[in-house]
1. Residues in region 93-111: is at least one within 30 Å of Asp313 (Cβ to Cβ), within 16 Å of the ligand (Cβ to nearest atom) and of a type in the set (Asp, Glu)?
2. Any residue at all in region 274-287 that's out of contact with any His (no Cβ under 7 Å at 6 or more places or on another chain) and under 17 Å from Val173 (Cα atoms)?
3. So the check is Cβ under 7 Å with 6+ separation or different chains; which pairs have a first residue in region 353-370 that's over 16 Å from Asp137 (Cβ atoms) and a second one that's within 16 Å of the ligand (Cβ to nearest atom) and of a type in the set (Lys, Arg)?
4. Name the residue, out of Asp312, Asp373, Asp291, that is farther than 25 Å from Val257 by Cβ and either acidic (Asp, Glu) or touching a strand residue (DSSP E or B) at 6+ places or on another chain (Cβ under 7 Å) (or both).
5. Any residue at all in region 168-179 that's among the basic types (Lys, Arg), in contact with a Gly (Cβ under 8 Å, 6 or more places away or on another chain), more than 30 Å from Leu338 (Cβ to Cβ) and crowded, with 22+ Cβ neighbours inside 10 Å?
6. Among the residues of region 37-62, how many are surrounded by 20 or more Cβ atoms within 10 Å (Cβ to Cβ) and farther than 17 Å from Arg350 by Cα?
7. So Leu30 ticks every box in (1) within 14 Å of the ligand (Cβ to nearest atom); (2) more than 24 Å from Ser181 (Cα to Cα); (3) part of a loop (DSSP other than H, G, I, E, B) but one. Which box is left unticked?
8. Got a number for residues in region 65-89 being surrounded by 17 or more Cβ atoms within 10 Å (Cβ to Cβ) and more than 9 Å from the ligand (Cβ to nearest atom)?
Amino acid sequence: MERIPLAIVGCGGMGHRHLYGLAELHRAGLSRFDLVAACDPVTDNAESLAAQAEEHFGKRPAVVGRLDGLADHGVAAVDITTTPRYHHTLGVDAVQRGWHAMIEKPVGLTVRAANRIRAAAAGSGRVVSTAENYRRDPINRLAKALLEQGAIGDPRFMIHQTAGGGNLMTISVWRHQKDQSGVLLDVGVHFADIMEYFLGEATTVYAQTRLHEPTRYNPAAEGKEPTSNPAGVYGRWQKAMPAHFQATAEDAAYAVVTFKNGAVASYLEDHAAHGKGLWSRQIHGSSGSMDMPNDRTGRILTLYQGRDQVIDDQRILDLVPDFRLDEATAALFGGERLWRYDFPFEQTDRKLIAVEYADFAAGILGEHPVEVDIEQGTRSVALSYAMLESGALGRAVTLDEVLSEQVSAYQQEIDQGLGLL
Ligand SMILES: NC(=O)c1ccc[n+]([C@@H]2O[C@H](COP(=O)([O-])OP(=O)(O)OC[C@H]3O[C@@H](n4cnc5c(N)ncnc54)[C@H](O)[C@@H]3O)[C@@H](O)[C@H]2O)c1
């Protein structure tokens, strides 16, 4: 099997989670990567990742502080898991050095930053993949198959609503800073991808956006349990973050999104909600509707057909006789045709990241194009910013206006800070 020398660039929370994903793929006998280097200017983080990699692979990757240092290690591909601010400089640099790149979402900190990567990738012959994990959830694959099979007829509207968070810090300080990727981009970009995955191209967005909680609190700084610590990897850094700090990025969006196929989405993403939390994702079509579970939970999807036919068990698979998960997903989740699964979050998380790696390798080896390419990754960034641009302008915006940077007033100060103006 052809091997691809790989470096993980950015060894914080997601860098470690990617390592666990790669190890998961390796254990399943499906990895085509050799992890040769861990890159992070914070040496402790790179050393930590390298030490854990040695436990998984029996070989310690080199520790380097900058991309320059990777050339000596024969790298052919990089997995960029830094904070979003650096995605475009590292992504462009990597492609220009002739390396393939998988880049965490949001693929760029602004549309302009993502467009820079897009321009560098065009015609380079290098693969640029967006590490977008939510759509790869087997239950979202099932939902997509049901939609394609016409199980609810033609999609007419989607409801996506998520609310919670109060005034607590979401994982890290940077997720509340406009110039580093506020939470509506950090989390919203996943939902942007999901909406286009299910409904196709978005066309217009009207949104009201708010910054409800200008001060955020971090209980971990005072020795309390962190409230937001996915896969349990962030605790050690959260202890060193301030107990409270100013948030500069909006934390709520209330929007209407239209799609090329005529469907409309009612979208609510509120990270400052107190009281009862909220999760709802539904798609209604011309002959039925689907109620979808939260991503990465493995809970069941419920299908409603006609007036009173409810399918919420494995009979749902009868509606999609051709539904098959790809090889890696089927191997890791334990079946080609799944309608539910049940793993602790850390396991689900690493399985989905393993699937991203399998897709990236197949793209590099020319077996099929990567699923979430730089175009799609950029569209999701644009759809998230369309909400913020609309909120700032007080009018509906088209996705094309945002993608082409004709509408960029909200992003201007971020682009300026990045030296992109
Ligand atoms: N897909 C998901 O479910 C998911 C979940 C969490 C984070 N993410 C994404 O992963 C990325 C990283 O998030 P995180 O939670 O790991 O952040 P983090 O703050 O925990 O880690 C970021 C790391 O990047 C390093 N870094 C910064 N600049 C660098 C550079 N120039 N070269 C190399 N390393 C550099 C930092 O030192 C730090 O170790 C973000 O884009 C975030 O949106 C995705």
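Computed from the coordinates by the stated procedures, all read-outs in this text should not be read as laboratory data. Because the structure is predicted, anything quoted here is derived from the model rather than measured. Here the Cβ is made from the backbone with ideal geometry for all residues, glycine too, and neighbour counts use every protein chain on show.
1. No, the conditions are met nowhere in region 93-111.
2. No, region 274-287 has no match at all.
3. Filtered contacts from region 353-370: no entries.
4. Exactly one residue qualifies, and that residue is Asp312.
5. yes
6. Narrowing region 37-62 to residues surrounded by 20 or more Cβ atoms within 10 Å (Cβ to Cβ): 37-40, 45-46, 48-50, 53, 61.
Restricting the remaining residues to those that are farther than 17 Å from Arg350 by Cα gives 37-40, 45-46, 48, 50, 61.
Counting residues in region 37-62 that are surrounded by 20 or more Cβ atoms within 10 Å (Cβ to Cβ) and farther than 17 Å from Arg350 by Cα gives 9.
7. With respect to (1) within 14 Å of the ligand (Cβ to nearest atom); (2) more than 24 Å from Ser181 (Cα to Cα); (3) part of a loop (DSSP other than H, G, I, E, B), Leu30 is out only on (1).
8. 7
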